[in-house]
Each structure stands twice: as C-alpha cells, then as structure tokens.
Amino acid sequence: MEWLGNALERVRSRRPLVHNITNFVVMNTTANALLALGASPIMAHSPEEVEELVRAADALVVNIGTLDSSFIYSMIKAVSAAKELGKPVVLDPVGAGATRLRTRTALHIVSLGGVSVVRGNFGEISALAGEVGMTRGVEASAYDELRARELATEVSRKFGTVVAVTGRVDYVSNGREVYSVEPNSAVVEGVIGRVTGLGCIVTALIGAYLAVEEPLKAAIAGIATFKVAAEKAAEESPYPGSFHVKLYDWLYRLDGDLLARYAKVRSYEA
Amino acid sequence: MEWLGNALERVRSRRPLVHNITNFVVMNTTANALLALGASPIMAHSPEEVEELVRAADALVVNIGTLDSSFIYSMIKAVSAAKELGKPVVLDPVGAGATRLRTRTALHIVSLGGVSVVRGNFGEISALAGEVGMTRGVEASAYDELRARELATEVSRKFGTVVAVTGRVDYVSNGREVYSVEPNSAVVEGVIGRVTGLGCIVTALIGAYLAVEEPLKAAIAGIATFKVAAEKAAEESPYPGSFHVKLYDWLYRLDGDLLARYAKVRSYEA
Amino acid sequence: MEWLGNALERVRSRRPLVHNITNFVVMNTTANALLALGASPIMAHSPEEVEELVRAADALVVNIGTLDSSFIYSMIKAVSAAKELGKPVVLDPVGAGATRLRTRTALHIVSLGGVSVVRGNFGEISALAGEVGMTRGVEASAYDELRARELATEVSRKFGTVVAVTGRVDYVSNGREVYSVEPNSAVVEGVIGRVTGLGCIVTALIGAYLAVEEPLKAAIAGIATFKVAAEKAAEESPYPGSFHVKLYDWLYRLDGDLLARYAKVRSYEA
C-alpha cells in the first residue's frame, strides 16, 4: 500500500484548504482532526460566503448532522459551485433514514451531481438505496457485512459517485471495483461506538485526501488513515475520553510508512 | 442502593435513544457523555424533524443554554409532542435568572406540562421559584444548602415535576419526598467549577435514565452517576483539561456495583 | 513583569463575567479556557438577550469565526451597548481577508467605536489594514515579523484601538508603544498550528484581563498567559490531542509567579 503512504505525505506537504459545511456537534472535532492530519480546515456555512470559500478551497466536506433551512441552502449553493469549478466534494448523510428531512436532503444534495464521494454507516447508505428502518437516530440499527459490500456498489451505481459504507469492515466502491478496509485487531471494538463524531472524522479526512487523490483512492485513504490512527489510539487507551484525545495524537503521529504498513486494504470484483 | 446499579445496567443493555435539543456549547460534550454512559444520543433542533425524532426517541433532553427563536419553537414543538406521546422530558433551564429571555423560555416550557424533571443550579431554580438576582451569567451567585432542599420541593410543587437543584450536595424532590446526593470527599471541589457543561452532562444523564426509570429515580440516578464518575476522574487528575477527559472514561468504566457502592443518597421528608 | 502576575491574581479573585458572542467551532473551547483561567464565561448570541448580558458582564468578546445575519446583528447590538456602558470589548476578526463577508463585518464592528482590542493573525490584521491575499481560510498565508510589528501600530492608529498581531512572536500596539511577547523556546512550534481555536483562546483570555486591566496591558497579559501555558503544555506533550488537554490544565495551574517569571515581554518605540 505504498500509494497510501504517498497520499498522506502529499496531504502533509500541500496542506490543502478543506471547506467544511458541517454539523454543530462535530465542528470542533473535525477541524481538529483535519489539523492533526496536516490539512487546513475552514468551517463556514453562511450563504453569503460559501461560494467564495469553495473557490478558494481544495475540497468541500458537506455533513448534514444538524440541519436547518439556511444550512441546506448553503450546502446546495456550495455543492453547485464546487461542481461548476470542478472541486471535489464528499457528503456525509448523517441520520439519513432517521428523519424524512435528512433522507430528502441527502438525496437532494447527491442529485446535484457535484458529489465525488458519499460516506455513511450501514443505515444511512441503506436509506440512500431506498431501504427504510435501518437507521436509529444517527446509528445504524444493524450491520451486515455482505450486504454492506453490495450496498456500496449499488448506491455507487445509482448516483454515479464513489460510496463508502463504514462499520467494522469498511467497503468502498466506484461501481466497478470494491475495496475493503479491515481492522488489524479487535482493539477498537469496545470504544469505537462510544465517542461522537468518529464517522464525521472519516468523512473529513476523505475531504483532505480528495485534494491530492482521485475519489476512489481518497475514500480508501481517509478510511484507512482513520482506522490505523484509531487502532494506535485504542492500544494506548481503551476508554472513550482518553481514546478520543489519543486519536488526534495519532492522526498527527502517523506517517506514510506506518500507514502503508498497517492498512489492510483488499480489492473485490463489484 | 442496589436499584441504582440496576438502573445503570438497564441503560447499558437497552441503549436508549435520547433526543437532545441543546445548546451549541455542549452539543459535543453531552453527546459524548451519553455515549460513554451507554445511551444513543441524537442532537437535532430543526423544527422540521423534532417531532419525528421525539416519536422515535426514548427520552427528550431540552437545554436552553443558547437560544434563538427557531430553537424555542423547536423546543415547544418537541415537548408538546413528547407530552402527547407520553415520552419523558428533562429540562435544563441554563441561565434562567440571567436574562428575561431565558427565565421566560424556561417557564414557558415547563408550563407546557410535558416536563418530567427540571435540573438546574441554585440560581436557575431560584429564578423558576420567582426569586431574582441569584444567577450570574450561567453560574449561581450563591449556594445555600438548606434553601436548596426547600427550593427543590417548592418548585416541584409549583410545576408538578421532579426538580433537582445541583451543587456541592444535590437535592431532588417530587414534592413529597426529597433526596440528597452527597459527595464522598472534597476531591472534585477545586476542579468542578472549571469545566463547562458539567451541569448539562448531569441533565443529559437524567435523560438516559428517564428511559428506564420513573422521574424521581431517574433524576437521582443521573446525579449520582455523574457524582461518582466525577470523583473517580478527579482522583486521577485535579486539573480541568485532564479531569474532563477522565470524566468520559469513568462514565464508561463505572459499573452497577461501583455506582451502588459509592453513591451517597439519603432521603428526607419534604 | 510583576504587574502580569498581579493581573492574573486579580482575574482569579474577581472572577469576571465575560460575555462571548463567538463562533460555533470554539464555543466550548473558549468557555473552557476562560473557566480554567478563573473567569466566568457566558456564551450567548440571541439578539433578544445580548444587551442585557453586556450590562451584566465585565467584558465582551466578539469573534466572527462563523457568521450569519443574526449573529452579525447581535454583535452590532452588543458592541453598541458596550460602548454606551463603557464596557471593554475585544474583537477577533477570524478569517478577515478570506471572504468579503468577514472583512466587511470586522471593519463594520471596529468602526462602531466600542472595540478596545483587536487580536488577529498576520493575514487577518493585514486585511484590516486594507491588504489583500494574506489570508488562506482562517490561517495567515505568511508571517513577516518586522511587518507584523509595523502592522500592529498601523492598524492601531487607523482604528484607535489596541491591536495584537499574533504569530511566533506576538506584537501589541496602542499606536504609541509596541510590545512583543517572545517564546521561551521552540517547544510549541510543531503542535501550535495543529489544534483549532488557539487564537480564539488568546482573544478570550484578553477578554478576561480587560475586566481588570487597561486595554494595552490586558492584550499583553492575555497573550503572555496563553504563551506560557502553551509552552508548559507542550513540554508535557508534543502531540495535538494531549497538548490541547494539557493547555487547559496549565491555564488553571499557572500562577502569578510563574507567569511573571516566564513571560518574555519587551517594549519598542512605535
């Protein structure tokens, strides 16, 4: 996985400007994750400035975790501008399937045509596939590994974007190829569901990689980076508060060699 | 206090969905506290989705720490829906007494009739009792233990809800019985006022317990859980940054036995 | 620097109420920094309550890091009220130079006449001086130490406020005198750009000192306090997550003696 290490080093040397229109719960979390990785985040959602920021940015992250009408308007403006300018966009459909507002908003944004990557959990991506009842709040109500792999490809083909379904094993598809990112051990299992915003961090990291890689590789790189950093952090602390702190430490400490050595990426036919 | 340990274990096994309409300062803080405890939080405030989420949720947490007209509208919609559906609600009247907007909003929400528990500091609950000048910003300007106990009962009777006044010793009343939760030592005293959102965490934990206990016990359980976790955290670090991190660790590490053994709950006649 | 130590002790004993109208990314961060220092923060942005809170507060912090029209309206109301009441105000023009909305809003607020101190990075203060292209997102695109010193004086004279330009070396000017705050070592250099909201923390600390010192000294004290605390934190951990936690610890652990001994403040002719 040498390309993975190179991608990380390219993020570090280029320090891409990543514009985030994201939810209030994780604004601080994902800004810190992007800074720790080596990117330069800007968090901004005013309809009056989002187009100007998309023009300046290397990538756009759109996350629907807390919505209101002004945010939705800004997201549509920003994704439309990104499409016109050819800037890459990653969408996190937080809570799609939990409320009609979220499902509808996620589908609307992806239909604009400017989205390069969609990253969600099993329930959220199921909702985009038209299935109901797989989301409970912002968590997936189930995780079926085989179905996750299919879902990635199915939703990728449906919308013409790269789709990542994250869970214990993560699947990324561009509709033709599917890649899995597997854990190295079970070390994170106790703690991973006990900190808010971890999925949002993965999405933000994909945003940083979109500045230096094509969408399929950017999605794999963002996921693999999170997974390795999370495993190193969980080795240092199995408790959620301390794990969370160490996660930022490891997003910073991780280097290309370590990432390339630890990431367990495998390819499948779609 | 065996029931306390059982209540914690029930939260862990049921993993209740707790819908939070809360302030921007603590959205991340209380989501993480609920996850660390073992509940499943969703933070959402859009008028377009709050009723749908109340229907799905096991309990609702309403916290007025940062207000605007859209939030107030959503809170009223959500509490009204919860009342109709019989879902339990805990209200945190952050800063009541500090501004007319906050006092008025807290009184409005509690007057809707759907609130099961109100949790505030001495100044905030004084403001709900009609007393002025006891709040300075979002902190109580004084703490009078004897008066705190009376206040809990007085405000409980006034509004027909369980009321918790938290401070060094916490008092919870349903208008007929009063319970105190006492510290085991002075270990938290230096640090407890030096981290934001700790009161909001207590309120959120009460929300989780409301899914598995009746309001009086839920309030006692939320308070006792926080108190024990905070004491264990303060034993590990007396400084606010590290204490805050360890608090999440201990909300996760705490088990029913430890909680039942350490919680110092005492009952009084109202 | 005995006056510095005294200023810190005065903040601790007076526990000033600091009203913050700030951005969503750092609301939690700066509230925790102010509490760790020993001040009493309130975070509130509703147009309906900001004037009432300014009346109660000892100082006002205005930070434009995430804007919308309601926030701008509240900021103008609050700064106008502070001017009328003679309450000190510190402005953080986050991202000025990055978008027209931010540059325009910062210039509008400073033109109201109630601002005592402006604290920004090199790019932001350059934007207030009328220079373009020095801001990239919310980071300065360059740092020229000699120019930073000039800028502080130039912008101070232009607006009749104290101006602080922060970077590796910080410069503070009231238009007649310039002071620098220098690092004690390079210990923070790896980590300082990898945590969000550190500049916002400096601004908030200046707000706390404005309650006990005149603007020039308050700006120097806020900057020096941050710098010493950050150096002590970085000595304990060179990684961003852990450094961030230790920063709060050291804002709390710092005492007047330590601050007076470690702060490297030097004066220049303007």
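Data for the structure
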item	result
Neighbour net charge for B:P47 - beta-carbon separation under 10 angstrom, K R +1, D E -1	-3
The range A:261-267 - phi-based ³J(HN,Hα) in whole Hz, Karplus 6.51/-1.76/1.60, Gly and Pro as x	6, 8, 5, 10, 9, 9, 10
Relative contact order %, the range A:91-201, counting alpha carbon pairs below 8 Å whose residues are six or more apart	21 percent
Centroid-to-centroid separation of the range B:58-75 and the range A:1-24 [C-alpha atoms, Å]	36 Å
For the range A:2-269: accessible area per residue (Å², 1.4 Å)	31 Å²
Net +/- balance of residues flanking C:G95 in space, Cβ distance below 13 Å, scoring K and R +1, D and E -1	-2
Heavy-atom accessible surface of chain C: percent carbon and sulfur, 1.4 Å	49 percent
Nearest-first distances (nm) between copies at B:L112, label 7 Å from Cα via Cβ	3.2, 3.2
Under Karplus coefficients 6.51, -1.76 and 1.60, residue-wise ³J(HN,Hα) of the range A:42-52 in Hz, glycine/proline x	10, 9, 7, 9, 6, x, 6, 10, 5, 5, 4
Cα centroid separation - the range B:193-215 against the range B:98-169, whole Å	15 Å
GNM result for chain B, Cα springs below 10 Å: residue of B:D144, B:D255, B:D92 fluctuating most strongly	B:D144
With all protein chains modelled, accessible area of A:I192 [1.4 Å, Å²]	60 Å²
Rel. contact order, % - alpha carbon contacts under 8 angstrom, at least six apart, chain C	21 percent
Amide H within-cut-off set for A:N20, under 5 Å, with H built and near neighbours excluded	A:I42, A:M43, A:A44, A:V61
Lysine pairs in chain C with Cα atoms under 30 Å, if 8 or more residues apart or on separate chains	22
Normalised contact order of the range A:14-113, rounded percent, pairs of Cα under 8 Å and 6 or more residues apart	28 percent
Copy-to-copy label separations for A:E177, where each label sits 7 Å from Cα toward Cβ, in nm and ascending	6.5, 6.5
Across the identical copies, how the A:L146 labels are spaced - nm, sorted shortest first, 7 Å along Cα→Cβ	7.2, 7.2
Efficiency of FRET from Cβ geometry, B:R14 and A:R100, R₀ 25 Å, rounded to 0.05	0.45
Built amide H within the under 5 Å cut-off of B:G97, gap 5+	B:T103
Positive minus negative residues near B:S126 (Lys, Arg vs Asp, Glu; Cβ under 11 Å)	-4
Beta bridges by DSSP in the range A:2-269, antiparallel share as percent, to the nearest 5	45 percent
Rounded to the nearest 10 Å², the accessible area of C:M27 at probe 1.4 Å	0 Å²
Principal axis box of the range C:2-269, alpha-carbon based, largest edge first, Å	42, 39, 36
Kyte-Doolittle mean at least -1.0 and Cα axial length at least 27 Å: DSSP H helices in chain B	B:215-236
FRET efficiency for C:S185 and C:R266, using Cβ-Cβ distance with R0 set to 22 Å, rounded to 0.05	0.85
For A:R136, residues with placed amide H under 5 Å, excluding near neighbours	A:S141
Highest-MSF residue in chain A out of A:A57, A:A142, A:A218 [GNM, Cα springs under 10 Å]	A:A142
Heavy-atom SASA rank of B:H108, A:H45 (probe 1.4 Å, accessible area, largest first)	B:H108, A:H45
Distance (nanometres) between label positions extended 7 Å along Cα→Cβ at B:H108 and C:L107	3.8 nm
FRET efficiency estimate (nearest 0.05) - Cβ-Cβ, B:E214 to B:D255, R0 22 angstrom	0.45
Residue with peak Gaussian network fluctuation, chain C [Cα springs, cutoff 10 Å], from C:A211, C:A224, C:A186	C:A186
Within chain C, longest stretch clear of exposed GluC sites (Glu not before Pro) (DSSP loop, no more than 16 other Cβ within 10 Å)	C:1-130
At q = 0.12, 0.14, 0.16 Å⁻¹, base-10 log of I(q)/I(0) for the range A:115-270 (Debye sum, equal scatterers on each alpha carbon)	-0.47, -0.64, -0.84
Accessible heavy-atom area order of C:K232, B:K217, highest first, probe of 1.4 Å	B:K217, C:K232
3J(HN,Hα) from dihedral phi, the range C:175-186, Karplus parametrisation 6.51/-1.76/1.60, rounded to Hz, x for glycine, proline	x, 10, 10, 10, 10, 10, 10, 9, x, 7, 6, 8
Gain upon complete extension [C:A56, C:K77; 0.36 nm per residue less C-alpha separation]	6.1 nm
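The values are calculated or read from the model by the stated rules, or taken from the named source; none is laboratory data. Just so we're clear, the structure is a prediction, and the values are computed from it rather than from any experiment. Glycine gets a Cβ as well: all are built from the backbone with ideal geometry, and neighbour counts include every protein chain shown. We work out accessible area using only protein heavy atoms, side chains counted, and drop any ligands, DNA or RNA first. Shrake-Rupley method; radii C 1.70, N 1.55, O 1.52, S 1.80 Å.
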